[in-house]
Amino acid sequence: MEQVFFHHSCILTPSAVHHGKEPALNWLKQQTEAIGDYLIQHKFFHAQKAIRSLLEEKLPLYQSVFLYQTAVSQMVTSILAVPCPQYPVDVIQQLTETRQTAIRSDVFTVAEILCQAVLRLQQLLVPQYSKKVEEILSYIKNHYQEEISLTHIAEHVGLTPLYVSQLFKKEVGMNLMSYITRYRIQVAMELLKTGNYKVYEVSQLVGYQTVQYFSSCFKKETGKKPSEYC
């Protein structure tokens with residue numbers, strides 16, 4: 001009831017070092033406020049990445065259940081504070097339960113719950129795109145397993161590559177090829193999470209020719225190697 005399992009070898013305990021010390025609390029406040037800022041600015045991917053980094057990498061170094069509980073509570077508060085016209089009831093319920101039961105779960109499960117809540121917010125709050133950008137996004141969704149280039153997409157939507165690049169960056173807020181990489185890595189994360197695929201199989205399923213390049217892209221996006229995630 002008062003221990004938090006981290007991975008396969010580390011157990012955080014209430015009596016561990018740095019238990020609620022002021023410097024640690026100040027540091028934690030900065031971390032969670034940064035996540036809150038990402039959410040308010042609708043930088044949802046950055047928020048997800050920061051949540052995983054905080055729970056799975058940074059907090060275990062302090063070995064403090066008190067800090068862990070405080071972090072989860074503050075992040076739940078930040079997520080629920082994001083203005084949303086119709087906040088999903090199931091998300092509210094799950095976040096409330098997570099705040100109360102985080103101590104009886106492992107950090108990876110809690111991180112996944114928080115990130116899924118952020119994803120739901122993104123789906124509800126993301127602005128409507130123009131018809132052409134919607135076509136581009138649909139093309140990526142249907143062809144991410146194949147080789148995709150700016151030229152392929154431009155031909156598909158009937159625009160010049162330069163215009164496609166400029167239009168996508170303007171509406172989505174990021175480079176087209178960076179978006180494709182991010183989409184592939186998010187799909188890869190879901191596949192790895194199932195435990196049903198080896199890394200090289202996931203690499204092929206999300207459109208990478210070599211597992212080495214896939215691993216490089218995965219680590220750049222998530223901060224971890226694929227083998228460390230699954």
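The values are calculated or read from the model by the stated rules, or taken from the named source; none is laboratory data. Source: prediction; values computed, not measured. So basically every Cβ, Gly included, is an ideal-geometry build from the backbone, and we count neighbours across all protein chains shown. Only protein heavy atoms, including side chains, enter the accessible area calculation; ligands, DNA and RNA are left aside. Shrake-Rupley method; radii C 1.70, N 1.55, O 1.52, S 1.80 Å.
Quantify, in whole percent, the carbon and sulfur part of the accessible surface of region 122-172 (1.4 Å probe; protein heavy atoms only). Intermediate results must be reported in sequence, preceding the final value.
Details: 1650 of 3320 Å².
That fraction is 50 percent.
Enter the angle in degrees (range 0 to 90, nearest 10) between the Cα long axis of helix 211-222 and the first principal axis of the Cα atoms of the chain, meaning the one along which they spread out most.
Once rounded, one gets 60 degrees.
For the chain, what is the charge dipole size about the Cα centre, in debye to the nearest 20, if Lys and Arg each add +1 at the Cβ and Asp and Glu each add -1 at the Cβ?
300 debye
Between 0 and 90 degrees, rounded to the nearest ten: what's the tilt of helix 22-40 against the longest Cα principal axis of the chain?
The answer is roughly 30 degrees.
Tell me the chymotrypsin sites (Phe, Trp or Tyr not before Pro) within region 84-166 that lie in a loop according to DSSP and have at most 15 other beta-carbon atoms within 10 Å.
Working: sites: F108, Y129, Y139, Y144, Y163; in loops: Y129, Y144.
The qualifying sites are Y129.
Go ahead and run the numbers for FRET between E97 and E201, Cβ-Cβ distance against an R0 of 35 Å, rounding to 0.05.
E(calc), rounded to 0.05, equals 0.55.
Distance check, please: which entries in K132/K224; K170/K198; K132/K225; K58/K170; K58/K193 exceed 32 angstrom between their Cα atoms? Can you show the working numbers first?
Numbers: K132/K224 34 Å; K170/K198 37 Å; K132/K225 35 Å; K58/K170 34 Å; K58/K193 21 Å.
Cα-Cα > 32 Å for K132/K224; K170/K198; K132/K225; K58/K170; rest within.
Taking the Cα centre of each part, how many Å lie between region 53-101 and region 165-230?
Rounded to whole Å, the Cα centres lie 25 Å apart.
Starting from the Cα of Q186, move 7 Å in the Cα-to-Cβ direction to define the label point; list residues of region 138-153 whose amide nitrogen is under 15 Å from there.
It comes to 138-145, nothing else.
How big is the shadow of the Cα convex hull of region 19-77, averaged over all directions, in nm²?
Convex hull of Cα atoms, orientation-averaged projection: 3.5 nm².
Between E134 and N26, what's the calculated FRET efficiency when r is the beta-carbon distance and R0 is 45 Å? Round to 0.05. Don't jump to the answer; show the numbers that get you there.
Values: r = 44 Å, r/R0 = 0.99.
The value I calculate is 0.50.
Quick check: the angle from helix 107-125's long axis to the longest principal axis of the chain, C-alpha only, nearest 10 degrees?
50 degrees
To the nearest 500 deg cm²/dmol, what mean residue ellipticity at 222 nm is calculated for the chain from DSSP H runs of n ≥ 4 alone, each contributing -39,500 (n - 2.57), summed and divided by the residues?
Working: 13 runs with 156 residues, N = 230.
The helix contribution divided over the chain gives -21000 deg cm²/dmol.
Which net charge results when you count Lys and Arg as +1 and Asp and Glu as -1 among the other residues whose beta-carbon is under 10 Å from that of V211? Spell out each step's value before the answer.
Numbers: positive: K198; negative: E201.
After counting each charged neighbour, the total is 0.
Tell me, rounded to the nearest percent, the portion of alpha carbon pairs in region 66-117 spaced more than 12 Å apart. Mind showing how you got there, number by number?
On the way: 818 of 1326 pairs.
It works out to 62 percent of all Cα pairs.
So what's region 174-217 giving for Rg/Rh, alpha carbon basis, Kirkwood Rh from the mean inverse pair distance?
Working: Rg = 10.2 Å, Rh = 10.5 Å.
That ratio equals 0.97.
Projected onto the charge dipole of the chain (+1 at Lys/Arg Cβ, -1 at Asp/Glu Cβ, origin at the Cα centre), which of Q41, Y183, N196 gives the Cα projection farthest towards the positive end?
My answer, from the dipole projection, is Q41.
Accessible area per residue for the chain in Å², computed with a 1.4 Å probe and the full protein assembly in place, what is it?
Working: 12870 Å² over 230 residues.
Dividing the accessible area of the chain by its residue count gives 56 Å².
How big is D for region 138-230, in µm² s⁻¹ as a whole number, if Stokes-Einstein is applied with the Kirkwood radius of its Cα pairs at 25 °C and 0.890 mPa s? Can you show the working numbers first?
Numbers: Rh = 13.9 Å.
Rounded to a whole number, D works out at 177 µm²/s.
Given that compact globular proteins tend to follow 2.2 N^0.38 Å, what is the ratio of the alpha-carbon Rg of region 21-138 to that value?
1.13
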